[in-house]
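Only the coordinates and a few stated rules stand behind these numbers; no lab work does. What you see is a predicted model; the values in this text were computed from it and never measured. Neighbour counts are summed over all protein chains in view; Cβ atoms, including those assigned to glycine, are modelled from backbone coordinates with ideal geometry.
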Amino acid sequence: MKILFVQKFPCIRNWKMARALKAKGFNVDLAYTISPASRIYSGLSDDVYACCIKVRSARELKELASSYDIVHSHNEPDDLTVILLSVGVPVIHDSHDMISLRPGRNRQEQQKVDLLEAAAHRGAAGRVYVSDYMLKVAAERYNVDPQKSVVFGNYVDKCDIPAVFPPRIKEEGIHLVYQGGLGIRGTHRDFSSIFSCLTAAGIHLHVYPAAHTAQFAGNLQKSPFLHLHESKPPSEIITEIAKYDFGIIPFEITPQNRTFLNQSMPNKLYEYLAAGLPVIAPRLFSLEKFISSTGSGIIYDHPSEIPARLEELTTIRNTVNVRQFARTYQEEIMRLIDFYYLIESCKGRRK
């Protein structure tokens, strides 16, 4: 089976998925419009793809895609999927986010996003979603066929899990860790108030930003309990964070962005679990469902609740092997392969 991955620039989900497919003997080519993975992520090689091809126009993309058995198009945005729908080969739309749920656009921008998203979900031969919530929304909005849709999470790469874990930090106190993006003020990744709440309670917070910039660092209130570290390559992050006590998934939640955030099952969830860290997460639909069903952490309504629940978290750490819930791409990849064969076998039939 000839497989083409398509994305403006490959995200870590795209890269890890391709690596797992390669381990099963599949050659995956990458078509990108902006940059390959090696220019975005420190330490990542483009050799997980059999071939990396920069495309410069819609026509060039369609001509390239026409020679493949399966085209797996990763959002966001959704426009590349829509371009590919007329190619005549099965196109799988991988929805990392339902973009229409993100607030803050004017009416004209929202209409454009809605139209592209609807066309991508309705027109694709198959669909991949990161969470059950996303599939539920897509089914309600676009009447997608659940039999030609699959939920495939943001798992961890088995190769990134160390054979021997480092000892926990010996410094006094509780040490939380956050790794991931930091946003400017007013966004759902503006964690300044959440971080201040934790450090004011005497909790050490170690932050590993996805990108280390002065702008993000300037948003964070200075505190002896706040430790801003240099970014780490994806291959090193699980080993690095394993020395702390617990991992936190913060979001700045508002009535306007709650529905958008309800779909979230971020990479860091599985990375914390792979590191053996119980997870602290806000009450959002997908995260609450997972953490409550596995007993792998706590759900909070307001960060001010967290200090009083540290003993509960310690009990979880001492009694629950949370690593068992950290699924890997290598463990799950056969579900995606089987899905490819299902969609390829339906070529030419009505969706």
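Summary table below
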item	result
Those trypsin sites (Lys or Arg not before Pro) in the range 219-307 that DSSP places in a loop and that have at most 12 other beta carbons within 10 Å	Lys222
Reciprocal of mean inverse Cα separation for the range 78-122 (Kirkwood radius, Å)	11.2 Å
J(HN,Hα) series, the range 190-197, from Karplus relation 6.51 cos²θ - 1.76 cosθ + 1.60, nearest Hz, glycine and proline x	8, 9, 4, 6, 5, 5, 5, 4
Sparsely packed GluC sites (Glu not before Pro) within the range 110-212, loop by DSSP, other Cβ within 10 Å at most 12	Glu171, Glu172
Bins of 10 Å, starting at 0 and running to the largest distance - Cα pair percent for the range 230-316	17, 49, 31, 4
The range 78-199, dipole about Cα centre (Lys/Arg Cβ +1, Asp/Glu Cβ -1), debye to the nearest 20	160 debye
Where N is the number of residues in the chain, Cα Rg divided by 2.2 N^0.38 Å	1.01
The chain, dipole about Cα centre (Lys/Arg Cβ +1, Asp/Glu Cβ -1), debye to the nearest 20	740 debye
Helix-only [θ]222 nm of the chain, DSSP H runs n ≥ 4, -39500 (n - 2.57) each, per residue, nearest 500	-10000 deg cm²/dmol
The range 92-163, relative contact order [Cα under 8 Å, separation at least 6], %	33 percent
Under 5 Å, built H, 5+ apart or other chain: amide partners of Val150	Arg127, Val128, Tyr129
Kirkwood hydrodynamic radius over Cα pairs of the range 113-168, then Stokes diffusion coefficient at 20 °C and 1.002 mPa s, in µm²/s	160 µm²/s
Interchain or long-range residues, amide H under 5 Å from Val28's placed H	Ala50
Shape parameters for the range 158-325, alpha-carbon atoms, Rg then Dmax in Å	14.9, 43
Using θ = phi - 60° and Karplus 6.51 cos²θ - 1.76 cosθ + 1.60, couplings along the range 230-235 (whole Hz; Gly, Pro as x)	5, 4, 10, x, x, 5
Taking Arg127, Arg56, Arg13, Arg168 and counting other C-beta atoms within 10 Å, the order from fewest to most	Arg56, Arg168, Arg13, Arg127
